[in-house]
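Colleague: Would you mind keeping the following structure in view while I ask a few things?
What follows draws every value from the coordinates through simple rules; no lab data is involved. As the structure is a prediction and not an experimental result, all values here were calculated from the model. Note that we place each Cβ from the backbone using ideal geometry, even for glycine, and neighbour counts take in every protein chain shown.
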Amino acid sequence: MIVRSHEDARKTEVDEDKFISRRYTLRADGMGHSFHETYIKPGQSLHMWYKHHKETVICVEGKGQIEDLTEGGKWDLEPGTLYALDKHQKHILSSENGMRVLCCFSPSLVGPEDHDEEGSYPLYDDDGSVIKR
């Protein structure tokens, strides 16, 4: 059994200008997915495209919006609202006053991932080498 606290997840924290991501589980945990808590900082919009990963996200605090740039559409996010990027959609995630979401990635993130210029994560091998950019 894996048990991790908020303090444990802070050790894997990625703190960027627009968001903070805490990674509770990663590929090394052998779950087949990775699980993250992400805080979108107030007034931020994140242009993202997970071309190598699928992601499921549920809002647990605050309010925001998700815009699908691939298939079209905009949806308001509030606690209890979930969205899933099942077709690697390009999207914009934004929040005016800050928003906390829980995210599940498949395939699992290894740990060093950071968004590139396209808003994507590279696909890493278990040893941390890049398989695809």
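Colleague: Please go through region 83-101 and give me each residue that is within 14 Å of Lys54 (Cα to Cα), assigned to a strand (DSSP E or B) and not small (Gly, Ala, Ser), ordered by number.
Modeller: Kept after step one, since they are within 14 Å of Lys54 (Cα to Cα), are these residues of region 83-101: 83-91.
Next, from what is left, pick out any that are assigned to a strand (DSSP E or B): 83-85, 90-91.
Once the filter is applied, which keeps residues that are within 14 Å of Lys54 (Cα to Cα), assigned to a strand (DSSP E or B) and not small (Gly, Ala, Ser), region 83-101 yields Tyr83, Leu85, Lys90, His91.
Colleague: Cβ-Cβ under 8 Å, sequence separation 6+ or interchain: first residue in region 46-63 and farther than 14 Å from Leu82 by Cβ and free of Cβ contacts under 8 Å to residues at least 40 places away in the same chain, partner surrounded by 18 or more Cβ atoms within 10 Å (Cβ to Cβ) and among the β-branched types (Val, Ile, Thr). Which pairs?
Modeller: So the pair list comes out as Gly62/Ile40.
Colleague: Let me ask something else about it. So which residues in region 39-56 are crowded, with 19+ Cβ neighbours inside 10 Å, in contact with a Cys (Cβ under 7 Å, 6 or more places away or on another chain) and more than 13 Å from Lys90 (Cβ to Cβ), if there are any at all?
Modeller: Selection gives nothing.
To keep it simple, each residue is scored yes or no on (1) in contact with a strand residue (DSSP E or B) (Cβ under 7 Å, 6 or more places away or on another chain); (2) of a type in the set (A, V, I, L, M, F, W, C); (3) crowded, with 17+ Cβ neighbours inside 10 Å.
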position: Val3; (1), (2), (3): no, yes, no
position: Glu16; (1), (2), (3): no, no, no
position: Ser21; (1), (2), (3): yes, no, yes
position: Ile58; (1), (2), (3): yes, yes, no
position: Gly72; (1), (2), (3): no, no, no
position: Glu78; (1), (2), (3): yes, no, no
position: Leu93; (1), (2), (3): yes, yes, yes
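Colleague: With Ala84, Ala28 as the choices, which residue is closer than 24 Å to Val130 by Cα and either surrounded by fewer than 16 Cβ atoms within 10 Å (Cβ to Cβ) or out of contact with any Leu (no Cβ under 7 Å at 6 or more places or on another chain) (or both)? Reasoning before the result, please.
Modeller: Working: Ala84 fails: closer than 24 Å to Val130 by Cα.
Only one candidate passes the filter, namely Ala28.
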